[in-house]
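These notes concern the structure reproduced below.
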């Protein structure tokens, strides 16, 4: 097995985690916590939120997560589905502003372990920025993916891009930007 030295991850590994949340769904526990930056939530809407993926395929890899717990799209209300869809669009806009990618992979893993997702009991949509040539020789030759930006830096860039959508200054760095849907 190849090893990659990543000392910045120690903060995540040694973070204080309330005992009651240890067995809870992370997508239910994180938005209830007080520290969006620590939990990597970059934006919130009425029924959903955007969170950085802790194990990104590329810099800027986020997940758009509806707040109600459940593993099936069919079980979400129309209001939640619409809010989730709008937040995905705003997420792509924020990623374009913050990172200027050449394209995106956007998708859901539905149907339990057979679908390949590691969290299969809470619907979430992956949004992965892509750049021409971002799949270099490392994954092919060394079976290793190189992520070129720290999660904290990505958080700051996306936080600012979501705030710019609202036409406001970014909120405190430890608080996600709250997005309201246009009426």
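The values are calculated or read from the model by the stated rules, or taken from the named source; none is laboratory data. All figures in this text were calculated on a predicted structure; none of them were measured in a lab. Cβ sites come from the backbone with ideal geometry, for glycine too, and all protein chains shown count toward neighbours.
None of 91, 125 is modelled with pLDDT of 90 or more, in contact with a strand residue (DSSP E or B) (Cβ under 8 Å, 6 or more places away or on another chain), farther than 19 Å from residue 26 by Cα and surrounded by 17 or more Cβ atoms within 10 Å (Cβ to Cβ) except 91. Residues in region 75-88 that are more than 19 Å from residue 157 (Cβ to Cβ) and either under 17 Å from the mean Cα position of the chain (by Cα) or modelled with pLDDT of 95 or more (or both): 76, 77, 78, 79, 80, 81, 82, 83, 84, 85, 86. Residue 101 satisfies every condition listed in (1) part of a loop (DSSP other than H, G, I, E, B); (2) over 15 Å from residue 161 (Cα atoms) except (2). Among the residues making up region 107-129, those that are touching a residue at least 24 places away in the same chain (Cβ under 8 Å) and either over 16 Å from residue 88 (Cα atoms) or assigned to a loop (DSSP other than H, G, I, E, B) (or both) are 110, 112, 119, 120, 121, 122, 123, 124.
Residues in region 147-173 that are assigned to a loop (DSSP other than H, G, I, E, B), surrounded by 13 or more Cβ atoms within 10 Å (Cβ to Cβ) and either within 17 Å of the chain's Cα centre (by Cα) or modelled with pLDDT of 90 or more (or both): 147, 149, 150.
Going residue by residue through region 56-68, is there one that turns out to be part of a loop (DSSP other than H, G, I, E, B) and more than 20 Å from residue 134 (Cα to Cα)? Scanning region 56-68 turns up at least one residue that is part of a loop (DSSP other than H, G, I, E, B) and more than 20 Å from residue 134 (Cα to Cα). The condition (being crowded, with 16+ Cβ neighbours inside 10 Å and at pLDDT 95 or above) is satisfied by just one residue among 66, 59: 66. Taking region 62-88 as the range and being touching a strand residue (DSSP E or B) at 6+ places or on another chain (Cβ under 8 Å) and over 16 Å from residue 120 (Cβ atoms) as the test, the residues that pass are 62, 64, 67, 80, 81, 83, 84, 87, 88. Within region 29-49, residues that are on the phi > 0 side of the Ramachandran plot and surrounded by 16 or more Cβ atoms within 10 Å (Cβ to Cβ) have Cβ atoms under 9 Å from residues that are in a strand (DSSP E or B) and at pLDDT 90 or above in these pairs: 40/51; 40/52; 40/62, counting only partners at least 6 apart in sequence or on another chain.
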